[in-house]
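One structure below.
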Amino acid sequence: MSVPNDCGCPEPNIQQPEPSLSRREFLQVGGMVAGGALLATAPLNLFNPPNFGQTTPGSVEDALKIALADAMFLEMEAEVKALGMALNLDAAFIKLSGTQDALTGFVLSHNQSPSKRMGADVALTVDVGRGLVTSVQLVVGWSEVDILNLADITLDYRDVPEPLYPTRANAGAPPEMLRPRSEAYFYFPRANSPAYQPEDLVESGWPPHAEDPAAGYWHYGNTAQAGWMLELGEYVYRCNETKETQNVTEELLISLPNSGK
């Protein structure tokens, strides 16, 4: 899905950084980068396979119990918490979910953030029969005055953790393990945004006047759509569309470039 033309929004800008911005640095700056970086990530193909279906009663609850104890989910949740946000872990509030063969997929959205401009979603693919999480996707969005920044980070159970060797001071300690991940960073300029004011130029968050939706500033609105994709021969459940809101009643839907639409 492309960003609607009638909103005056151009296609997403995707550029190689000079030099590349690390995932930790990107998450720390909270979207204050001037451009978007597309880093190495596996191509995804979104489709609705013949046996795609809605989740059956109890399946989301069972999958959530498995996910909450999984190392890949806990790693992503820790990054969300480091940004001052919290995920809603109540299965009753899960709005996006589906099943594919023996897999259950669902999306957890944030219910706590230091600013309306920032939010996060975590999509999980769970093999309930084997009792394990096979894939996790973290989408973090920052709505600046005239730009939406998105980080799209995925972990996959097929990627074997790699040793992160200790520094010389800790040469006698065993190496820590770091799971490989795919990362992509994008920004979406908006033509119909408010003009910058001097008080808008803050290092993080919005100035007080911009937190009011009626002031005309865009606010991140979480994932609006998710679905099954085929990645490296296996199904994964992925967020593929996010939204922003302006003046309470106006919404803008933005497709993630890797959604295959």
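The values are calculated or read from the model by the stated rules, or taken from the named source; none is laboratory data. Every value quoted in this text rests on a predicted model; they were computed, and no experiment measured them. All Cβ positions, even for glycine, are placed from backbone atoms using ideal geometry, and neighbour counts span all protein chains on display.
Is there any pair with a first residue in region 115-132 that is at positive phi and a second that is among the β-branched types (Val, Ile, Thr) whose Cβ atoms are under 7 Å apart and which are 6 or more apart or on different chains, and what are they?
Close Cβ pairs satisfying both conditions: 131/66.
Looking at region 134-165, which of the residues that are buried (at least 24 other Cβ atoms within 10 Å of the Cβ) and of a type in the set (Val, Ile, Thr) is nearest to residue 215 (Cα to Cα)?
140
Identify, please: which residue in region 106-126 is at pLDDT 95 or above and not aliphatic (A, V, I, L, M) and is, among those, surrounded by the most Cβ atoms within 10 Å (Cβ to Cβ)?
Result: 125.
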